[in-house]
Amino acid sequence: MRNFMLLLLLALAGCTSVDDRQGAPGHLVSSSTAVPPLALRIDSRFEAVEPLRFPIEDLTDAERRIFIDADQRGTIRRMVIVQFEKVKPGSSFRFVFPSKPPRVLGASIYRAGAFAYDDERAAREQPRKEPGLTRSHLQALGYRPARIWNVARLARVSDPDGMSEVIVFYMENADALHVDGLVGTDEDGDLVLDAASAERLFSALASVVHIESG
């Protein structure tokens, strides 16, 4: 029943979909409106949870497809989030940013970054934005998100007019690495990871997010 309701919600959403067929090698997240069209298959070791949809101020509408790898207590060890964001009708906002530093995923070039951040603090400071809404969503589903995540992030403008973007996050629980919190963060509260750590994260992303198109 849970899978049926999830598929029904996705069908109603129209522009994106998740393939959660029994026995499939993963979960397919696709967008036919992205340029080029996007299809990502997430490794089957991750569980697809209910999508999260929310507005970001009066500018855009966001939709998050969330896949988690958790232990028996519900503590999340790893997580993949694919976020689609669209400009609200009537808004003058546009997605405009260069693909720098660049990283290739499939046929597209993304803006790449790798960092650690304090999700618990971010959720407390931004309860009605991505950090707070995502953390509350996962907790309501019975999961225990990390306080601190190590993150590999890829983002690109996904249409020629700047009306949409797609972001792919690969996240690992980093609580054991930062018992006393983050030190040396930037103005956004993020700790930029060294080159070796960043490459390891992006390699991990590539091993669990498989490109079918885009």
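Computed from the coordinates by the stated procedures, all read-outs in this text should not be read as laboratory data. Fair warning: this is a prediction, and the values are worked out from it, not measured in the lab. Virtual Cβ from ideal backbone geometry, glycine too; neighbours counted across all protein chains shown.
The ranking of 182, 177 from fewest to most other beta carbons within 10 Å of each one's beta carbon is 177, 182. Listed from fewest to most Cβ neighbours within 10 Å, the set 188, 175 follows the order 188, 175. For the options 46, 93, 115, a Gaussian network treatment of the chain with springs between C-alpha atoms closer than 10 Å singles out 93 as fluctuating the most. Our summary gives the chain a relative contact order of 21 percent, counting only alpha carbon pairs under 8 angstrom and 6 or more residues apart.
One quarter of the surface of the convex hull around the alpha-carbon atoms of the chain equals 12.1 nm², the direction-averaged projected area. Considering only 28, 201, 191, the Gaussian network model of the chain with Cα springs below 10 Å gives its largest mean-square fluctuation to 191.
Excluding residues fewer than 8 places away in the same chain, name every one of the aspartates and glutamates whose C-alpha is closer than 14 Å to that of residue 86. Within reach: 57, 58, 61, 63, 159, 161, 165.
For the chain, the membrane-span-like helix rule (DSSP H, alpha carbon extent of at least 18 Å along the helix axis, mean Kyte-Doolittle at least 0.0) picks out 195-208; this says nothing about an actual membrane. Entry note: segment 92-214 has Rg to Rh equal to 0.98, where both radii use alpha-carbon atoms and Rh is the Kirkwood radius. In the chain, the sites counted are GluC sites (Glu not before Pro) in DSSP loop states with at most 16 other Cβ atoms within 10 Å, and the longest stretch holding none of them, exclusive of the sites, is 58-186.
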